[in-house]
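Reviewing the structure listed below.
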Amino acid sequence: LKDEIKSLKVINKFAILGGTFDPIHFGHISVAEAVLDKTDVEKVLFIPSGKPPHKELECVSNSDIRLDMTRLAIEGHENMEVSSIEIDRGGMTYTVDTVLQLKSLLGNDAKFKFITGADAIHDIKTWKDYKLLLKICSFIAVTRPGYNKNTEAMEIEKMEKKFGCDIEFIEIPPVDISSSQIRQNISNGISVEGMVPDKVAEYIFKKGLYK
Ligand code: ATP
Ligand code: MG
C-alpha cells in the first residue's frame, strides 16, 4: 500500500480533489484551502487523472508531468497530499473506480468525500456509473466563478432528492482561474503570473509546456 494512502488510515475525514491538473493552479489550491477551512475535512488528497474520459479529444499533457506539477504545487501545505492512484491504474480513469479502490484499500468505514467545482457537479450525470458513485460517496460541491451559485444550489437540492445522495454545498472565495486559460495565455505569450505557484511556473517554462 502506498505511503500516501496508508497515512490516510489515521485521518478521521479526508476529501479528494480529482482533476486533470493540466496545469494545477491557484484555483485548485484555494478550493482545497476553503474545504479545509470550512468543513470538518482534515486533509485534501489531490488525485491527477490518468487519461481523462471527458478530455479525450483535447491534448492532455503526459501523466508524469501533471503529477510532478501537482506535487510541486502543494509543497509546504501540511494538510494536502497527492496520490498517483489513477495514473498508476492506467488507461481511462473513472471516479467511481477510484472510490471503490480507496474503499477496498482503506476499509469500508473510511470517511472521505469527493470535491467538485460547479462545472463538475453540473456534469456529473455524464460520469461512469454516476448513480452508484453518488450512492457510495459523499460530495462537497464548491462555487466557481462563471457559474451561478443559486442555480448550483438548486441543482444540488434536486439531485439530493432524486438520488438520495449527500452533497455538501459551500460557497468559497472566488478565484477566476482555469487551466484552459493558462494554456491559452502561455501559447499566446501572455503572463500567467499569479495564476500558478512559482515552482509550477518554473517547471512549465523549463519543460516548454503549452507553447
Ligand atoms: P480545464 O480548463 O482544463 O478544464 P480546470 O481549471 O477546470 O481545467 P480541472 O483539472 O478540470 O481544472 O478541475 C478539477 C476540479 O477543480 C473540478 O472539480 C473543477 O470544477 C475544480 N476547479 C478548478 N478550478 C476551479 C476554480 N477556479 N474554482 C473552483 N473550482 C475549480
Ligand atoms: Mg475543468
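Read the figures in this text as sums done on the coordinates, not as results from a lab. Only a predicted model underlies this, so the values are computations on that prediction, with no experimental measurement involved. Cβ: placed from backbone, ideal geometry, glycine included. Neighbour counts: every protein chain shown.
Worth a mention:
- Whole-Å semi-axes of the ellipsoid equivalent to segment 57-140 (Cα gyration tensor, √5λ, descending): 22, 18, 14
- Principal-axis tilt of helix 198-207 within the chain, Cα atoms, nearest 10 degrees: 60 degrees
- Our summary gives the chain a relative contact order of 24 percent, counting only alpha carbon pairs under 8 angstrom and 6 or more residues apart.
- Only lysines eight or more places from K125 in sequence, or on another chain, were considered; those with a Cα closer than 24 Å are K51, K55, K103, K111, K113, K135, K149, K158, K161, K162.
- Cβ-to-Cβ counts within 10 Å put K51, K211 in ascending order as K211, K51, the fewest first.
- Amide H contacts under 5 Å for F139: F114, D166, I167, E168, restricted to partners 5 or more places along the chain or on a different chain, H placed in the peptide plane at 1.01 Å from N.
- Hydrodynamic radius of segment 53-211 per Kirkwood, over alpha carbon pairs, in Å: 17.8 Å
- For a paramagnetic label modelled on Q101 (point 7 Å from Cα along Cα→Cβ), amide N atoms under 15 Å away belong, within segment 67-81, to 67.
- If you plug the beta carbon distance of A110 and N150 into 1/(1 + (r/R0)^6) with R0 = 25 Å, you get a FRET efficiency near 0.15.
- Net charge of Cβ neighbours under 9 Å - reference F14; Lys, Arg +1; Asp, Glu -1: +2
- Phi-based couplings in Hz for segment 144-160 (Karplus 6.51, -1.76, 1.60; Gly and Pro marked x): 8, x, x, 10, 5, 6, 5, 4, 4, 4, 5, 4, 5, 4, 4, 5, 4
- Percent antiparallel among DSSP beta bridges (both partners in segment 1-99, rounded to 5): 0 percent
- Diffusion constant of segment 1-138 at 37 °C, which comes from Stokes-Einstein with the Kirkwood Cα-pair radius and 0.692 mPa s, µm²/s: 216 µm²/s
- Neighbour-count order for H25, H77, fewest beta carbons within 10 angstrom listed first: H77, H25
- Placing +1 on each Lys and Arg Cβ and -1 on each Asp and Glu Cβ, with no other charges, gives the chain a dipole about its Cα centre of roughly 540 debye.
- The chain: angle of helix 26-38 to the longest principal axis, Cα-based, in degrees nearest 10: 30 degrees
- Degrees, to the nearest 10: 95-106 long Cα axis against longest axis of the chain: 70 degrees
- Other residues lying with their Cβ under 11 Å from the Cβ of K131 contribute a combined charge of +3, Lys and Arg counting +1, Asp and Glu -1.
- Values of log10 I(q)/I(0), in the order q = 0.15 Å⁻¹, for segment 1-54 under a Debye, Cα-only, solvent-free model: -0.49
- With neighbour counts taken as other beta-carbon atoms within 10 Å, the residues T95, T126, T20 rank, fewest first, as T126, T20, T95.
- Extreme residue, positive dipole direction of segment 154-194, given options N185, P174, I156 (C-beta unit charges): N185
- Alpha-carbon centroid distance for the pair segment 163-211 / segment 87-109, whole angstrom: 25 Å
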